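Engineer: This is the structure I have questions about; it appears just below.
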Amino acid sequence: MGEPFNFLVIFRINGTFDGFINKKEFVSGVYHMKHDTLYISDATCNAHYQGTYKVEFYSLRDSLKFHLIQDTFKGRKEGTNGLLFKNIGASR
């Protein structure tokens, strides 16, 4: 197992997102939601291919978990599938 790290993803209402590891951007792309399903793509994999995940919200909707539906990009699957993410601050 590797060293601990901080992972942050900023999802914007305009359909774009940026991902950071230890405050350094490592991925950006686009996404959209349809009901409880997230469709996400980025240039790291192939900007024209979308991974698809079911989104499960927890608590007061301040935490979520992604469940793989379909995604052939190994890095995105390993970084999202089944992991619990907590909202650290949102503009409401």
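Engineer: Checking Leu84 against (1) closer than 15 Å to Leu8 by Cβ; (2) touching a His at 6+ places or on another chain (Cβ under 9 Å), only one condition comes out false. Which one?
Structural biologist: The one condition Leu84 does not meet is (2).
Engineer: Given (1) surrounded by 14 or more Cβ atoms within 10 Å (Cβ to Cβ); (2) out of contact with any Asp or Glu (no Cβ under 9 Å at 6 or more places or on another chain); (3) closer than 18 Å to Leu83 by Cβ, identify the lone condition not met by Phe17.
Structural biologist: Checking Phe17 against (1) surrounded by 14 or more Cβ atoms within 10 Å (Cβ to Cβ); (2) out of contact with any Asp or Glu (no Cβ under 9 Å at 6 or more places or on another chain); (3) closer than 18 Å to Leu83 by Cβ, the one that fails is (2).
Engineer: Of the conditions (1) loosely packed, with under 13 Cβ neighbours inside 10 Å; (2) outside any loop (DSSP other than H, G, I, E, B); (3) among the aromatic types (Phe, Trp, Tyr), Tyr39 clears all except one; give me its number.
Structural biologist: It is condition (1) that Tyr39 fails.
Engineer: Given the conditions (1) in contact with a Ser or Thr (Cβ under 8 Å, 6 or more places away or on another chain); (2) surrounded by 12 or more Cβ atoms within 10 Å (Cβ to Cβ); (3) not in a strand (DSSP E or B), which single one is not true for Thr44?
Structural biologist: (1)
Engineer: Still on this structure, please answer the following. From Arg12, Arg61, which residue is of a type in the set (Lys, Arg) and either under 21 Å from Leu84 (Cβ atoms) or touching a helix residue (DSSP H, G or I) at 6+ places or on another chain (Cβ under 9 Å) (or both)?
Structural biologist: Of Arg12, Arg61, the one residue that is of a type in the set (Lys, Arg) and either under 21 Å from Leu84 (Cβ atoms) or touching a helix residue (DSSP H, G or I) at 6+ places or on another chain (Cβ under 9 Å) (or both) is Arg61.
Read-outs: derived from the displayed coordinates by stated rules, not from any lab. Small disclaimer: the values here were computed from a predicted structure and weren't measured. Heads up, the Cβs are rebuilt from the backbone with ideal geometry, glycines too, and the neighbour counts pull from every protein chain shown.
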